[in-house]
Structures are given as C-alpha cells and as structure tokens.
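Novice: The structure follows.
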Amino acid sequence: MFSKITKYIQEVQIELTKAQWPWSNEEHGIKRFKELWSSSLVVIIAMLLVGGYISFFDFITINVIGFLTKP
C-alpha cells in the first residue's frame, strides 16, 4: 500500500517538472508571482463586472414584471 502511494507521489513530481510554469526559477519573492497576481486581478474584476451586469438586469426585470402583474 505504501509503495503505491510513494510511486504515485513520485509520478506526480515527475509530471509537475514537465509543466510549464508562468514564472522563471531565477525570480524570487513577489516578483515570481507577478503574472499570477495580475491574471487573478483581471478575473476578479471581470467577475464583479459580469455579476453587476446580471444583477442590474435581474433587478430591472423583476420590477417590470412586478409592475405588469400588479393586481
């Protein structure tokens, strides 16, 4: 059982060395993750904009339908 776990971990390490990471091994500290931070910031801003857009039109639609179906 432990040999299978060890083999699995070794295979994962081998595959991770084959992966192409978005930073250089020569960079250290926060500079190393600059692209990661900027990409994450773009995704967060896009999520907020799309969420606001959907919320706005949902609010408008609810009020229009509520107005039209008012007894």
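Computed from the coordinates by the stated procedures, all read-outs in this text should not be read as laboratory data. Keep in mind the model is a prediction, meaning the values are calculated, not measured. All Cβ positions, glycine included, derive from the backbone under ideal geometry; neighbour counts span all protein chains shown.
Novice: Given the options T17, T6, name the one that is surrounded by 10 or more Cβ atoms within 10 Å (Cβ to Cβ) and either without any contact (Cβ under 8 Å) to a residue 60 or more places away in the chain or of a type in the set (D, E) (or both).
Specialist: After ruling out the rest, the residue left standing is T6.
Novice: Quick one: would you say G66 is exposed (fewer than 10 other Cβ atoms within 10 Å of the Cβ), part of a helix (DSSP H, G or I) and out of contact with any strand residue (DSSP E or B) (no Cβ under 6 Å at 6 or more places or on another chain)?
Specialist: Here the answer is yes, as G66 does meet what is asked.
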